[in-house]
Structures are given as C-alpha cells and as structure tokens.
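Have a look at the structure below before the remarks.
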Amino acid sequence: MENKTGKYLKYAIGEIVLVVLGILIALQINNWNNIKNEMAEMKNYYVKIHEEIAVTQKRSIRFSTVLDTLIQQNNRSLDIINLKNKDSLYLLKETLGALGTAYKSDFSFPIINEFLNEGYLAKIKNDSIKLGFQYFSMALIQLKSIDDYLGNQYSTAIEPYFYNTINYVEVVHGGAVYSGLKTGGPTTNYEQFYDNLELWNLLTFKVEALISQKNRIDRLNKILEFIDSKLQKELNDNDKIL
C-alpha cells in the first residue's frame, strides 16, 4: 500500500508539473504572439507617421514660401513709408495687400495623434523618440498660439483700419480679379499715409507676427525631421522597436 501510495503521489505530482509546464508554455507563446502583434502595429504606425511627416513637410515648405512673400511685401511697405516722399506713397498700392492677408498653418496630424492617444508612446524604449514627441506637442501648441494671434490681429486691428482708409480691392493680395472681387469704388488717398504712425505700427506688428509664425513652423519641421530619423532607425532594427 505504501509503495502504491508513493507511486500515485509521484504520478499526481508529475501530472501537476506537466499541467503547470503546459500553462507556462501556453502563456509564453501567447506573450510572444502579443509582442509580435505589437511590433507589427508599431511598424505600421512608424510607416504611416513617416508618410504623414513627408506630406506635412511639403506643405510647410510651400507655406513658408508664402510667408516669405508676405514678410517681404510688408517690409517693402515700411520702406516706402520710410522714404517720407508723398509722391512715392502710391507704390503702397502694390504692397498693402500683404497687410490685409493672414493665413493659418492648419497642419493636421491624425496618425500621430492617434498613435499618442492610444498610448503607444509608453511602449517605446527609446527616450529620444519620447522626448521628440513631447517637443512635437509643445511646438504644435506654440504654432496654434501664433496662428490665433494673427487671426485676432487681423479681425480686431487690421480689418477695421482698412474700412475707413483703404479701398481693399485696390490692394488685395494677388489682385482683385484673381480673388474674384469686383473692382471700382472710391479711390484710396495714399497721401494720408505720410508719416502715419498707426499704419507704421500695424505693418511692424504684422511683420513681427509673420516672422514668429515662420520660425515656429521651421522649429516644428526640425522636430518632425528628428522624430522621422529616429523612427526610421527603429524600423531598421526590430530589436529596438519596443
């Protein structure tokens, strides 16, 4: 009886060990599968983020070119006023439209936002990438801030100034015909801008805001380039994806 009991105990223990081993192996296989799936999801996001960054950078280059033109034209207006020559003030007709023009960057990052909102950033071991995304979020906030400032500047200061002093269709950026506006109306008296402090300050503040907008776009681009380079390196090294 003692021998039989001992054999039963050994058999039972062996069965328990086999069951435990089976469970552990199954858990490990499941864990490997989860890791494999996560790696595949991360790779998929990295590829999509790369594509999103590429599209945004093309847009930002075009947008920066537009901002350069607006900055140049507003500075040209300041140069004309600074001549203090009433006979030259009519040249403002070619440049004042830049004062009455404001564009928001309106860059959108649906893939990056989804990536961050789904908590994938916590699964990345590379601290440089995590820091890059943190800087990205801050850069977007700063860019939105200057976009809002430019919009508010236009609606509260620049547009009201145009109402009583400038025939907008005479100076509209890009030309009235191109903008689909009807030409005509009262003629602007450009001599009124001689030694005009209000116009001088409006132009100066506008140039300052445009330069800030361009600088923030450039900063965002550098951050995106940094993130993209790090993600591409991770894609080329599967062991570092998680």
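Values quoted throughout were computed directly from the atomic coordinates according to the rules given, and no laboratory measurement underlies them. This one's a predicted model, so the numbers in the text were calculated from it and none came from an experiment. No Cβ is skipped: glycine too gets one built from the backbone with ideal geometry, and neighbour counts run over all protein chains shown.
Segment 42-84: which trypsin sites (Lys or Arg not before Pro) are DSSP loop and have at most 16 other beta-carbon atoms within 10 angstrom? Could you put the intermediate results ahead of the total?
Details: sites: LYS43, LYS48, LYS58, ARG59, ARG62, ARG76, LYS84; in loops: LYS84.
Of the trypsin sites (Lys or Arg not before Pro), the ones in loops of segment 42-84 whose Cβ has at most 16 other Cβ atoms within 10 Å are LYS84.
Using a basic spin-label model with each label point 7 Å from the Cα along Cα→Cβ, how many nm lie between GLU51 and TRP200?
5.4
Please give the charge dipole size of segment 56-192, origin at the Cα centre, charges +1 on K and R Cβ atoms and -1 on D and E Cβ atoms. Round to the nearest 20 debye. Kindly include the intermediate steps, with their values, before the conclusion.
Values: 13 positive and 13 negative charges, 67 e Å.
Approximately 320 debye in magnitude.
Pick out, from GLN192, LEU91, ALA122, the residue whose Cα sits farthest towards the positive end of the charge dipole of segment 69-203, with +1 on the Cβ of Lys and Arg and -1 on the Cβ of Asp and Glu.
ALA122
Dipole of segment 81-155 (Lys/Arg Cβ +1, Asp/Glu Cβ -1, origin at the Cα centre): which of LEU131, ASN82, PHE109 lies farthest to the positive side?
The one lying farthest along the dipole's positive direction is ASN82.
Using label points projected 7 Å from each Cα along Cα→Cβ, tell me how many nm separate ILE211 and LEU131, to one decimal.
3.0
Which pairs break 32 Å Cα to Cα here: LYS130/LYS214; LYS58/LYS182; LYS58/LYS86?
Working: LYS130/LYS214 25 Å; LYS58/LYS182 34 Å; LYS58/LYS86 42 Å.
Result: LYS58/LYS182; LYS58/LYS86 exceed 32 Å.
List the aspartates and glutamates whose Cα sits under 18 Å from the Cα of LYS233, skipping any in the same chain fewer than 8 residues away.
Those aspartates and glutamates meeting the cut-off are GLU38, GLU41, GLU51, GLU52, ASP127, GLU225.
Once phi is turned into θ = phi - 60°, what whole-Hz ³J(HN,Hα) does the Karplus curve with 6.51, -1.76 and 1.60 give for every residue of segment 141-152, x standing for Gly and Pro?
Working through the residues one at a time gives 4, 5, 5, 4, 4, 6, 4, 5, 4, 5, x, 5 Hz.
Hey, with R₀ at 35 Å, roughly what FRET efficiency would MET138 and ASP237 work out to, going by the Cβ-Cβ distance, to 0.05?
Working: r = 28 Å, r/R0 = 0.79.
Efficiency, rounded to the nearest 0.05: 0.80.
For LYS206, go through the aspartates and glutamates and keep the ones whose alpha-carbon is under 15 Å away, minus same-chain ones fewer than eight residues off.
Here the aspartates and glutamates satisfying the reach criterion relative to LYS206 are ASP68, ASP79, ASP147, ASP148, GLU159, GLU198.
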